[in-house]
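So the structure is just underneath, and the comments pick up after that.
The values are calculated or read from the model by the stated rules, or taken from the named source; none is laboratory data. Because the structure is predicted, anything quoted here is derived from the model rather than measured. Don't worry about glycine lacking a Cβ; one is built from the backbone with ideal geometry, like all the others, and counts go over all protein chains shown. All accessible areas refer to the heavy atoms of the entire protein, side chains included, with ligands and DNA or RNA removed. Shrake-Rupley method; radii C 1.70, N 1.55, O 1.52, S 1.80 Å.
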Amino acid sequence: MNGGHGVPAAGAWAGTPYRITTLPSGLRVVSETVPGVRSVTLGIWFRTGSRFEPEEQAGIAHLLEHMAFKGTESRSARELAEAVDRVGGQMNAYTSKEDTSFYIKVLDEHFGLGMEILADMLLHSRLDGDELEKEKRVILEEIKMYEDDPEDVVHDLAVRTLWPGHPLGRPVIGFESTVGAVDRDALVDFWRRHYEPGRTVIAAAGHISHQQVVEEVQRWFGGWVRAGERARQAPPVPQAADAWRQKPVEQVHLCVVAPAAAYGSDEIYPEMVLSSILGGASSSRLFQVIREDHGLAYSVYTYHGGYSDAGVFGIYAATSPETAARVLELVGRECRKVRREGVTAAELARTRDQIKANLLMGLESTGNRMNRLGRTLLMLDRVVTVEEVVRRVEAVTAEQVAAAAERLLDADRWVVAGVGPAESLPLREWLA
């Protein structure tokens, strides 16, 4: 799908074309023109994240993301914020385990300003030492905030237990000791080694032409030439285990996770359908049984996340200590039932329609369109359109869902994690 150096490639997304251009530096530009809107969402995607950090620098990618907002050679942090606020724009960023994204949404008439602001932040950040010390304190407060949320704690605990000793098992935000130890030299070195045009995608969606996007990218990023270095990593090796953490909270927070399909795998589609049937909506099995039939939990859901060479499927519920055993018993029962009996034709049809509706309604957001363009091109070297995903989901069969259930709902492959006020609980025994 790559059009070569400076040559656009075209595709189709629900009837609306996207185009890709690769600059001589290796920087890829992808855009989609969306008629009938006045906004443009612009994103810069880097193929780096917490997975690529040395263990002693855990959290440095997230810290670098924060520092991009702290001032450039020509603008202070306040001036950056005011430049965006003045035109009614919205700007933010996130760091994940395998990618980092900075994005801005503006009216079409301010697209050039949006590109200039992002280029200034990412190519001309001062990475000032005094600002670094202040921002480290901010992130240490963020870490404490996460520690105060048992739902976040149990998810991190489960994944760290599933992939012990691997960077994918570490929290993106890092730890107090590692974030606190980062200095400016380490920050600059990490930027130079991991942020380079050949591992970057600039994506835009909205009331804009591809030619306009490419011209602005060439204007502000045309001189960006750098070749980074990064060692290849082995995929994580999952383990099945139990994990418990005592915290003085009112509820027991429960998380069951299993290894799942990687981001680009064909198996991801039946796994998505299975996850939705089990706990993806208010009509799902676990929601109906645990919340509606027994009234044991307010929050109960499943999720599915994919990385380049691994994936994770999870079940979460929070309940009172005296009902934790019953909740896990019901989770285990429903999982065994799906694995033994499969899913019904009605469930399969309803779930496929739910996923299709969510995907198509998401097309009403230029932000969602930009996210899909940027992340799929970055991670898979091609744009995965909503049209393609809908087609793949609609083609999922009951037999494929049954095969996914064999993989994901095998208790011998599960990590069972909990956070709550007790010293420990026999989680796996209750689940079985």
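Test of understanding: among LYS97, LYS70, which residue is touching a residue at least 40 places away in the same chain (Cβ under 8 Å), closer than 30 Å to GLY314 by Cα and of a type outside the set (A, V, I, L, M, F, W, C)?
LYS97
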- Query: Somewhere in segment 360-372, is a residue of a type in the set (Val, Ile, Thr), under 22 Å from GLY206 (Cβ atoms) and surrounded by 15 or more Cβ atoms within 10 Å (Cβ to Cβ)?
  - Reply: yes
- Item | Of all residues in segment 379-400 being within 14 Å of ARG350 (Cα to Cα), of a type in the set (A, V, I, L, M, F, W, C) and touching a helix residue (DSSP H, G or I) at 6+ places or on another chain (Cβ under 7 Å), the one that is surrounded by the fewest Cβ atoms within 10 Å (Cβ to Cβ) | ALA398
- Hey, ARG407 of a type in the set (D, E, K, R) and either assigned to a helix (DSSP H, G or I) or open to solvent by less than 70 Å² (accessible area, probe 1.4 Å) (or both) or not: yes
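Please return the ranges of strands (runs of 3 or more DSSP E) entirely within segment 1-89 where 2 or more residues are touching a helix residue (DSSP H, G or I) at 6+ places or on another chain (Cβ under 6 Å) and either at negative phi or modelled with pLDDT under 95 (or both).
It comes to 16-22, 28-33, 39-46.
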- Task: For residues that are open to solvent by less than 20 Å² (accessible area, probe 1.4 Å) and in a helix (DSSP H, G or I), scanning just segment 191-208, find the one that is farthest from LEU140 (Cα to Cα).
- Result: PRO197
- How many residues of segment 94-127 are surrounded by 20 or more Cβ atoms within 10 Å (Cβ to Cβ) and in a strand (DSSP E or B)? The answer is 9
- Query: Just for segment 71-87: of the residues that are of a type outside the set (Ser, Thr, Tyr) and open to solvent by 40 Å² or more (accessible area, probe 1.4 Å), which one is farthest from LEU122 (Cα to Cα)?
  - Reply: ARG86
- Message: Testing VAL383 on (1) modelled with pLDDT of 95 or more; (2) part of a helix (DSSP H, G or I); (3) touching a Leu at 6+ places or on another chain (Cβ under 6 Å); (4) not small (Gly, Ala, Ser), one condition comes back false. Which one is that?
- Response: (2)
- Among strands (runs of 3 or more DSSP E) entirely within segment 218-306, at least 2 residues that are touching a residue at least 60 places away in the same chain (Cβ under 8 Å) occur in 241-246, 252-260
- Item | Within segment 166-179, tally of residues that are in a helix (DSSP H, G or I), open to solvent by 10 Å² or more (accessible area, probe 1.4 Å) and either touching a residue at least 40 places away in the same chain (Cβ under 8 Å) or among the small types (Gly, Ala, Ser) (or both) | 3
- Note on the structure: In the set ARG382, ARG392, the lone residue that is within 20 Å of the chain's Cα centre (by Cα), over 30 Å from GLU151 (Cα atoms) and among the basic types (Lys, Arg) is ARG382
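Go over the candidates VAL225, VAL182, VAL188 one by one and state the one that is surrounded by 18 or more Cβ atoms within 10 Å (Cβ to Cβ) and of a type in the set (A, V, I, L, M, F, W, C).
Just a single option satisfies the conditions, and that option is VAL182.
Could you check segment 209-221 and list, in sequence order, the residues that are open to solvent by less than 10 Å² (accessible area, probe 1.4 Å) and within 17 Å of LEU373 (Cα to Cα)?
Within segment 209-221, VAL213, VAL217 qualify.
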